[in-house]
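Colleague: Before I ask anything, here is the structure I am working with.
Here, each number is a calculation from the coordinates, and none is a lab measurement. Treat the numbers as computed from the prediction; the structure is a model and nothing was measured. Cβ placement follows ideal geometry from the backbone for every residue including glycine, while neighbour counts extend to all protein chains displayed.
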Amino acid sequence: MNDGTIPTAGEKTAGGRTAIEQSAIDQTATDQTATERAAGGQGPAGVMRPHAEEQYAEELALLAAADERPRPPGWRLSPQAVVTYLLGDGAKITPKYVGPRRLMEVAVSTLATDRALLLLGVPGTAKTWVSEHLAAAISGDSTLLVQGTAGTAEEAIRYGWNYARLLAEGPTDAALVPSPIMRAMRTGSIARIEELTRVPSDVQDALITVLSEKSLPVPELNTEVQALRGFNLIATANDRDRGVNELSSALRRRFNTVVLPVPASADDEVEIVARRVAQLGRALELPEVPAAMEEIRRVVTIFRELRSGMTEDGRTTLKSPTGTLSTAEAISVVTNGMALAAHFGDGTLHPGDVAAGIVGAVIKDPVSDGVVWREYLETVVRERSGWLDFYRAARDA
Ligand SMILES: Nc1ncnc2c1ncn2[C@@H]1O[C@H](COP(=O)(O)OP(=O)(O)OP(=O)(O)O)[C@@H](O)[C@H]1O
Ligand SMILES: [Mg+2]
């Protein structure tokens, strides 16, 4: 396809750089524009969900200014400052992750080594959330993301081609479409892969060279992209998908695994839900509904009891429903309840506003979960003092 008259990427351009080097520089220039925009704080106006580095630009700037510890090459913050960003400092830095500090220390220090990080856990344990914030704090860019699915192709991990240009010009660097991972290698940033175990095994194996050699060969251009310092990879995988496309042992050896647990105590989980509900309410510009701690605690209690198959006092064993009843679902049940209360209620969150959401979250399978829920309702909810309003609302829902 290449007739020899077109300079290939290995040849030098006028500036004395190879085409790939030049393109890396162009790419960095685009990235800087994104960072400058992020410095504005909230990101582009009207955007539904600004990236973490945009939303928390102020906190990141504060941390960077005060950070006197050594930063690994290519990092914007020291590992200690990244952990502070994640867990908060009780003052201006808000906590993003609620959970054991040690886990975050292990995750962050892994990223400063040549091993990649695998975040594992049941649904809704903040794997995606933590990986976004890690990338934002370390590289100032959480957007270098590959969403893993059964249909993820090798191009998503390596590179593809702009076919119009490929046909017109032959394989040139301008016709090459880099994957987010290749872009992260060129800029020395953190790349993210979501749901790695859903990706077909042969596609997963494309990562082995990237992780062990820190380079991505481009045989069509007779060249390679070598990762700049600062490059690393965070993958997330769901415990429930275990066995779908198990990671090959060659790949697994290149990852350190951190398992994110479900919140240890009901108080922790209430804190997480309350915090996220307040943030989401602000982001959605829902009319103010007073943070109804009582309803939040009720949702969390129900979810924890059904999840663990035991009432809080340990007296009654329960059947567990088929769904996961994750913290993430508790957050969305409460947020939906707030929207109901704000738009159709009297502006305060009542049991009736969360009841339908809870029933919907618990009953995923109409037959078996229906039995579990009715038994819980009649034996636990009905007898509990102060829960009569909720019992009535749930029975009607
Ligand atoms: N320990 C926690 N600390 C802070 N937030 C949490 C915690 N656990 C859950 N969350 C919240 O739950 C929500 C969902 O988290 P996220 O989407 O990251 O879960 P996930 O583990 O990626 O789930 P899935 O396996 O379904 O992809 C986020 O809004 C996050 O803030
Ligand atoms: Mg996720």
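Colleague: Calculate how many DSSP beta bridges within the chain are antiparallel, expressed in % of all such bridges and rounded to the nearest 5.
Modeller: Counting DSSP beta bridges with both partners in the chain, the antiparallel share is about 35 percent.
Colleague: I'd like the FRET efficiency for LYS364 and ILE208, computed as 1/(1 + (r/R0)^6) with the beta carbon distance as r and R0 of 51 Å, rounded to 0.05.
Modeller: 0.85
Colleague: Give me the number: length gained by fully extending ARG69 to PHE344, i.e. 0.36 nm times residue separation minus the C-alpha to C-alpha distance, one decimal in nm.
Modeller: 93.8 nm
Colleague: Leaving out same-chain residues fewer than 8 places away, which lysines sit with a Cα under 26 Å from that of LYS214?
Modeller: Answer for LYS214, where 26 Å is the Cα cut-off: LYS12, LYS127, listed by chain and number.
Colleague: Is the shape of region 19-259 best called rounded, prolate or oblate, per the rule: a/c under 1.5 gives rounded, else a/b larger than b/c gives prolate, else oblate, with a ≥ b ≥ c the square roots of the Cα gyration tensor eigenvalues?
Modeller: It comes out oblate by the Cα gyration axes.
Colleague: Can you pull the one-decimal nm distance between simple spin-label points at ALA397 and SER308, each 7 Å off the Cα toward Cβ?
Modeller: 2.1 nm
Colleague: Subtracting the Cα-Cα distance from 0.36 nm times the residue separation, let me have the gained length for LEU167 to THR257 in nm, one decimal. Intermediate results must be reported in sequence, preceding the final value.
Modeller: Numbers: separation 90, 0.36 × 90 = 32.40 nm, distance 4.29 nm.
Result for the pair: 28.1 nm of gain on full extension.
Colleague: Then there is this: Share of antiparallel DSSP beta bridges in region 124-239, in percent to the nearest 5? Mind showing how you got there, number by number?
Modeller: Working: 7 of 14 bridges.
For region 124-239, the DSSP antiparallel bridge percentage is about 50.
Colleague: Hey, got the Cα dimensions of region 266-396 along the principal axes, in Å, largest first?
Modeller: Here the Cα extents, ordered largest to smallest, are 40, 28, 28 Å.
Colleague: A follow-up question, please. Can you list residues from other chains, or at least 5 along the same chain, whose modelled amide H is less than 5 Å from the amide H of ILE193?
Modeller: It is VAL146, ILE234, ALA235, THR236, by chain and number.
Colleague: In debye to the nearest 20, how big a dipole does the chain give about its Cα centre with +1 on each Lys and Arg Cβ and -1 on each Asp and Glu Cβ? If you can, show how the numbers build up before the last one.
Modeller: Details: 41 positive and 52 negative charges, 140 e Å.
Charge dipole, the chain, about its Cα centre: 680 debye, nearest 20.
Colleague: Could you go through region 245-258 in sequence order and give the Karplus-derived ³J(HN,Hα) for each residue, using 6.51 cos²θ - 1.76 cosθ + 1.60 with θ = phi - 60°, rounded to whole Hz, and x for Gly and Pro?
Modeller: Values, residue by residue: 9, 3, 5, 5, 5, 4, 6, 4, 4, 8, 10, 9, 9, 10 Hz.
Colleague: So what's the net charge close to LYS92: Lys and Arg +1, Asp and Glu -1, counting the other residues with Cβ under 13 Å from its Cβ? Present the calculation step by step, with values, prior to reporting the outcome.
Modeller: On the way: positive: none; negative: GLU58, GLU59, ASP89.
Local charge sum for LYS92: -3.
Colleague: Quick check on region 114-231: take the gyration tensor over C-alpha atoms, sort the square-rooted eigenvalues as a ≥ b ≥ c, and tell me if it's rounded (a/c under 1.5), prolate or oblate.
Modeller: prolate
Colleague: Evaluate E = 1/(1 + (r/R0)^6) for GLU288 and GLU246, where r is the Cβ-Cβ distance and R0 equals 56 Å; express this FRET efficiency to the nearest 0.05.
Modeller: 0.70
Colleague: Another question about this same structure. Could you please report the charge total around ASP67, scoring K, R as +1 and D, E as -1 over all other residues with beta-carbon less than 13 angstrom from its beta-carbon?
Modeller: 0
Colleague: What whole number of Å gives the distance from the Cα centroid of region 269-307 to the Cα centroid of region 138-158?
Modeller: Their Cα centres are 31 Å away from one another.
Colleague: On to the next question. Summing +1 for each Lys or Arg and -1 for each Asp or Glu, what net charge is found among the other residues whose Cβ lies under 13 Å from the Cβ of HIS343?
Modeller: For residues surrounding HIS343, the net value is -4.
Colleague: Oh, and also: Using amide H atoms built 1.01 Å from N in the peptide plane, name the residues 5+ places from TRP161, or on other chains, whose amide H lies under 5 Å from its own.
Modeller: Close amide H contacts, sequence-distant or interchain: VAL177.
Colleague: Could you tell me the calculated FRET efficiency between ARG101 and GLU375, based on Cβ-Cβ distance and R0 = 41 angstrom, to the nearest 0.05?
Modeller: 0.55
Colleague: If I model a spin label as a point 7 Å beyond the Cα along the Cα-Cβ vector, how far apart are those points for ARG49 and ASP114 in nm?
Modeller: Going by the 7 Å Cα→Cβ label model, 3.6 nm.
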